[in-house]
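Pasting in a structure now, in structure tokens, and then I'll have a few things to ask.
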Amino acid sequence: MSVYDILFAGGGAAACLAAGRLAAANPSLRILIIEAGEHTKNVDAHIQPARYFSHLAPTSKTVTFNVGKPSDKIEGRSLVTPSGRCLGGGSSVNFTMYTRGAASDYDDWETVHENLGWGSKYLLPLMKKTETYQVKPGEPTHGYSGPLKVSMGGAFTNVGSQFLDVALAIDKDRGPIDDVNGLYKCNGYGPWQKWIDAETGRRSDVPHHFIYNKEDNKNLVILTGQKVKRVIFEGDKAVGLEYVNDTVLKPDADQTVKTVHASKLVVVSAGAFGSPTILERSGIGRKDILEKNGVPVKVDLSGVGENYQDHNVCFIPYQASEDAETLDALFRGEKAEEEKWLKEWSKGKGLIAHNGMDAGIKMRPTAEDLKELGPEFEHRWKTYFENAPDKPVIWVGACSCFLGDITVAPPRKYYSVGYYTQYPVSTGSVHITSATDPNVPHDFDPGFLSDQADIATLRWGYKKAREIARRMSSYRGEYLPGHPNFPSTSSAFCKEGQDGPVALDAPIIDYTKEDEKLLEDFNRRFVQTAWHSLGTCAMKPRSKGGVVDSRLNVYGVTNLKVGDISIAPGNVGANTYSTALTIGEKVAVLIAEDLGLKLE
């Protein structure tokens, strides 16, 4: 069809969820989703949770590798940040970690950023609506009748158990927590939930639960392999989209521009990278950026492409004993192990129904830790964290595998203990480099580690993570290329090929000033994206750099919304999938209200 009621420019998690909800509310509603990537229906790499790492291979076409500008803050490197490029976006390729933000994160969206209806009390019912919580019945902050299943996965590895046992034994300031994602509490160690169905072992993605189960609805149309160029306007009203063939899937594809129109609404939903650049090619953005690229200015909106946020992560590898339960054999493609696990997966069990991440903590510092974090962190603590006790400073957790380039690590078993900043101070930006070509790379500045508070947090994270890791019974030494090169005279000196862990009551490593500098340099050299990009079409007042209002309407035009994780006005202390789902639910609610529909 050349005309639909609603057009979605991008088929990620939020868009597919919203479209599915709207289609269920009114099957006669004509909805088109335009997606650059391909379908994911019943493809092993998308439905078997442990295969997530395959999407990060350099030859992968299921993610876009967004290359950042070189930065001296990360030792001159260009940070590469993957984002989903298949139906369902990140929901189809992510690590399946079930991680919610703190309640105060969403309350900040409502109060600090002035968005009525976006506080935690409004969003919690939507969070519950999405999920069926299989972990434990009767939990007040969880849902039990939604399409997406939440469980502990098909196994609980001994690596995860050891992490919990050691952490609880040596950390006298923090105890266990029943639910690390209960929304209102943090700073306790606990098992980590997963977006995995305990009954089938399948990934809880959006397409299989909101789109593919509605294939009898011929008015819900998915167009894959197409990249949206820009929004079409009549005056100030958005009336359609221009799009071209995607060139990642087909490098020599014809670039003839095609058009489609909307009778009711256009929703830009291409994520933290795609949504701001679609707006800019449509003439909505910062005046100097548009003029530099030869785009006529329709709306001078300075916040478009700004406020880019992510989490700064390091996954530190350790050599593991042979009895460690890890995913390394699967990541290396060892067929015998894979066939054994596939038999278990068919029953919803085993390591293919798993992501390797069994345990962790959203950690806040003690008074002693604040001394360790130092004066460079003091302002951030006082102004952001001190009066928000549900906000963690860092995540620390175990992963039952080598989370890095498995092709360069000698074949054996590994585990990683990672840490990432939950609310980095540093921010970046995403902008266009062409007025007409949506297939060219963006002008992307991740902005990592431009504030010393973020450096202090990573330094503290390495130390906390290592003290746990070296006491786990599977420990057989550090994997040296993944650690700082501390001098042999230092108590921080890293060793490989060890016979076993250090004692639980072994002294805490004492880092010299030289060690501290080596650790800072290491974090700058080793830090990576957490694949948690958001914020580039922020939901804020226009005068404060906002792009959309609290009903997700783009400032300065009509009939145009942004509906994805890019609207987040502030960061969340969590992997972004859960928040993207909640945004998708809210998008459906707002559109249904606009159209006078009643959602199921």
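Each value in this text was obtained by applying a stated rule to the coordinates, not by laboratory testing. In this text the structure is predicted, and so the values were computed from the model without any measurement. In this analysis, Cβ positions are derived from the backbone assuming ideal geometry, glycine residues included, and neighbour counts consider all displayed protein chains.
Report the equivalent ellipsoid semi-axes for region 379-458 in whole Å, largest first, defined as the square roots of five times the eigenvalues of the gyration tensor built from alpha carbon atoms.
Ellipsoid half-lengths, sorted descending, are 28, 27, 10 Å.
Another one. If you place +1 on the Cβ of every Lys and Arg, -1 on the Cβ of every Asp and Glu, and leave all else neutral, what size is the dipole of region 457-600 about its Cα centre, to the nearest 20 Debye?
So the magnitude is around 320 debye.
Here's a follow-up. Considering only DSSP beta bridges whose two residues both sit in the chain, what percent are antiparallel, to the nearest 5?
70
P(r) for region 207-246: what percent of alpha-carbon pairs falls in each 5 Å bin, starting at zero?
6, 18, 18, 15, 19, 17, 6, 2
Next question, about the same structure. Classify region 326-411 as rounded, prolate or oblate, taking a ≥ b ≥ c as the square roots of the eigenvalues of its Cα gyration tensor: rounded when a/c is under 1.5, otherwise prolate if a/b is larger than b/c and oblate if not.
prolate
From the square roots a ≥ b ≥ c of the eigenvalues of the alpha-carbon gyration tensor of region 85-206, which class results: rounded (a/c under 1.5), prolate (a/b over b/c), or oblate?
Note, shape of region 85-206 comes out oblate.
Taking 56 Å as R0, compute the FRET efficiency from the Cβ-Cβ separation of VAL3 and VAL502 and round it to 0.05.
Given R0 = 56 Å and the Cβ-Cβ separation, E is 0.25.
A further question on this structure: Find the centroid of the Cα atoms in region 1-73 and in region 567-600, then give the distance between the two in whole Å.
Centre-to-centre distance over Cα atoms comes out at 16 Å.
Picking from GLY160, PRO176, PRO207, whose Cα lies most toward the positive end of the charge dipole for region 130-232 (charges on Cβ: Lys, Arg +1; Asp, Glu -1)?
In region 130-232, that residue is PRO207.
Counting each DSSP H run of 4 or more residues in the chain as -39500 (n - 2.57), what helix-only mean residue ellipticity at 222 nm follows after dividing by all residues, to the nearest 500 deg cm²/dmol?
Counting only the DSSP helices, I get -7500 deg cm²/dmol.
I would also like to ask the following. On a straight-distance basis, which lysines could pair with LYS464 in a cross-link, Cα separation under 21 angstrom, same-chain partners fewer than 8 positions away excluded?
LYS172, LYS185, LYS362, LYS371, LYS391, LYS495, LYS513, LYS517
Around LEU534, which amide H atoms from residues at least 5 apart in sequence, or from another chain, sit under 5 Å from its own amide H, with H modelled in the peptide plane?
Amide H neighbours of LEU534, under 5 Å, 5+ apart: GLN309.
Rounded to the nearest 0.05, what FRET efficiency do ARG551 and GLU234 give with R0 = 22 Å and r taken as the Cβ-Cβ distance? Could you check?
Here the calculated transfer efficiency is 0.55.
Follow-up. Could you check the simple spin-label distance between LYS258 and LYS69, using points 7 Å along Cα→Cβ, in nm with one decimal?
For LYS258 paired with LYS69, the spin-label model returns 3.6 nm.
Additional query: Considering only DSSP beta bridges where both residues belong to region 114-238, give the percentage that are antiparallel (nearest 5).
55
Taking a ≥ b ≥ c as the square roots of the Cα gyration tensor eigenvalues, with a/c under 1.5 meaning rounded and otherwise prolate when a/b beats b/c, else oblate, which class fits region 251-392?
Because a/c hits 1.5 or more and a/b fails to exceed b/c, region 251-392 counts as oblate.
Using r as the Cβ-Cβ distance of LYS347 and SER543, and R0 as 45 Å, what FRET efficiency do you calculate, to the nearest 0.05?
0.20
Where the only charges are on Cβ atoms (+1 Lys, Arg; -1 Asp, Glu), what is the dipole of the chain about its Cα centre, to the nearest 20 debye?
Value, rounded to 20: 1040 debye.
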